[in-house]
Amino acid sequence: QSALTQPPSASGSPGQSVTISCSATSSDVGGYNYVSWYQQHPGKAPKLMIYEVSKRPSGVPDRFSGSKSGNTASLTVSGLQAEDEADYYCSSYAGSNNWVFGTGTKVTVL
Amino acid sequence: EVQLVESGGGLVQPGGSLRLSCAASGFTVSSNYMNWVRQAPGRGLEWVSVLYSGGATYYADSVKGRFTISKDNSKNAVYLQMNSLRAEDTALYYCVRDRGNRGWFDPWGQGTLVTVSS
């Protein structure tokens, strides 16, 4: 199972929005609504930010939103803040009781 | 507080074995889907294995036949037995609960580092 494709980097100024894409095939992202997103700060464990494409766990700011169109899922961070600078990974069910993560995107707040 | 604490990592020679442990608190592993996810140094996340609450187990192709996931309900713990280790298995191994049984990986432990080298 190949990793889902994400852009290596994305950036924005404080207050702006940044959108990260997560592309795959119809056998994973396109076939299921089990896409989730994780934020990882350097030296820290990943943190769940979005699950089932667009749902936010309690405690996650509503600046974070998720969506999906066809075989591509997206994470949008609105109103960028300095603490949003981190690596972001998508994840999807890949069928056959397997899961796959994206290649990761480093978000820089300019 | 829901928490996972991994242990058992270390330096091992190629071809060797290692057993990772994951102690859970704040919830019971017996009624949750439990996963192992790894991250090679400077690299991305890679799903390794899942243990369903009913006992079924599944593995990534990269570790199938070499790794075994298991649990001890009495100790509220999950394990990963790793055999025939290779250099490419070097990574930080995270124990993770699938909170909704639909890929909500939360929480994550702090990870335990496995280094395979001669």
Would you order A:Glu83, A:Glu52, B:Glu1 from fewest to most other beta-carbon atoms within 10 Å of each residue's own beta-carbon?
B:Glu1, A:Glu83, A:Glu52
Calculate how many DSSP beta bridges within the protein assembly as shown are antiparallel, expressed in % of all such bridges and rounded to the nearest 5.
90 percent
Plugging the Cβ-Cβ distance of B:Asp61 and B:Asn101 into 1/(1 + (r/R0)^6) at R0 = 25 Å yields, to the nearest 0.05, a FRET efficiency of 0.65
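What is the fewest-to-most order of B:Arg86, A:Arg56 by other Cβ atoms lying within 10 Å of their Cβ?
So the residues, fewest neighbours to most, are B:Arg86, A:Arg56.
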Would you calculate the separation in nanometres between label points at A:Thr108 and B:Ser31, each defined as 7 Å from the Cα along the Cα-to-beta-carbon direction?
4.7 nm
Which whole-number percent gives the relative contact order of chain B, counting Cα pairs below 8 Å spaced six or more residues apart?
36 percent
Check: C-alpha center region B:78-118 vs C-alpha center region B:1-48, spacing in Å is 3 Å
What lysines could a cross-link reach from A:Lys44, if we take a straight Cα to Cα line under 16 Å and drop same-chain neighbours fewer than 8 places away?
A:Lys106
For chain A, what are Rg and Dmax over the alpha carbons, in angstrom?
13.1, 41
Could you work out the relative contact order of chain A? I mean the mean sequence separation of Cα pairs under 8 Å and 6+ apart, divided by the number of residues, in percent.
38 percent
For chain B, go through all pairs of different Cα atoms, get the mean of 1/r, take its inverse, and jot down that Kirkwood value in Å.
14.0 Å
Which residues' amide hydrogens lie under 5 Å from the amide hydrogen of A:Tyr34, considering only partners 5 or more residues apart or on another chain, with H built in the peptide plane?
A:Tyr93
The residues A:Thr72, A:Thr19, sorted from fewest to most surrounding Cβ atoms within 10 Å, come out as A:Thr19, A:Thr72
Rough spin-label spacing in nm, given labels placed 7 Å along Cα→Cβ, for B:Gln13 and B:Asp72:
2.8 nm
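Bear in mind these aren't lab numbers, they're just calculated from the coordinates by the rules spelled out. Predicted model, so just to flag it, every value in this text is computed and none were measured. Because the Cβ atoms are built from the backbone with ideal geometry, glycine has one as well, and the counts that use them run over all protein chains shown.
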